[in-house]
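The values are calculated or read from the model by the stated rules, or taken from the named source; none is laboratory data. Being a predicted model, the structure only gives us computed values, none of them experimental. Virtual Cβ from ideal backbone geometry, glycine too; neighbours counted across all protein chains shown. Only protein heavy atoms, including side chains, enter the accessible area calculation; ligands, DNA and RNA are left aside. Shrake-Rupley method; radii C 1.70, N 1.55, O 1.52, S 1.80 Å.
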Amino acid sequence: GKDGGKYWGKVGAGIIFTDGKQILLLKRAESGDNFGKWSVPGGKVEKGETFIDGARRESEEECGHSSGQQFGYYDDVDGRFHFHTYFFAVEKPFEIKLSSEHSEGKWIDLDDVEKYNLHPKFKENWSSFKEKIKKRFPKIKSFSEWIADKVI
């Protein structure tokens, strides 16, 4: 990468699963790079795979889930390395089936994500990711909030 960091391939992809209130994060196991850091399911896109197919395969392998309604993506290019992050809306948090690549998985409130020991690239992009999620899931006002806004 442009920061001198080494990557395991040239193209990777992952998925941010969210219900608008929480996102799924996985904690990397000690056997891999950035161990102990939290990020989304994802990894190397294999030869002949599309970016979305690689993201779905990696997600299925790492958390046991690969479906949702896609509502956007984010491309991060760092030197010769390119990572595609897809955004998938899910109706509700699903059960996580971890692979050996991760030691833990959690559904985390959007406002609590920064409290975790995040993967450096995920941390760098989190504010953009959160903004995209909040645009897709605008806060719905309660009836009393709506009435208060209408009173002059």
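Annotation for segment 52-65: no member residue is among the β-branched types (Val, Ile, Thr) and part of a loop (DSSP other than H, G, I, E, B). All of (1) assigned to a loop (DSSP other than H, G, I, E, B); (2) of a type in the set (Asp, Glu); (3) closer than 22 Å to Lys135 by Cβ hold for Asp112 with one exception: (1). Scanning segment 80-103 for residues that are open to solvent by 50 Å² or more (accessible area, probe 1.4 Å) and of a type in the set (Ser, Thr, Tyr), we see that the one that is farthest from Lys130 (Cα to Cα) is Ser100.
Taken as a whole, the condition of being of a type in the set (S, T, N, Q), outside any strand (DSSP E or B), loosely packed, with under 15 Cβ neighbours inside 10 Å and free of Cβ contacts under 8 Å to residues at least 60 places away in the same chain does not apply to Ser31. Among the residues of segment 57-79, is there at least one that is open to solvent by less than 70 Å² (accessible area, probe 1.4 Å), among the polar types (S, T, N, Q) and under 16 Å from Asn125 (Cβ atoms)? No; the residues of segment 57-79 include none that is open to solvent by less than 70 Å² (accessible area, probe 1.4 Å), among the polar types (S, T, N, Q) and under 16 Å from Asn125 (Cβ atoms). Would you mind stating whether Phe143 is at pLDDT below 95, open to solvent by 90 Å² or more (accessible area, probe 1.4 Å) and of a type outside the set (D, E, K, R)? Answer is yes for this residue. For segment 75-95, the set of residues classified as assigned to a loop (DSSP other than H, G, I, E, B) and under 14 Å from the mean Cα position of the chain (by Cα) consists of Val90, Pro93, listed by residue number.
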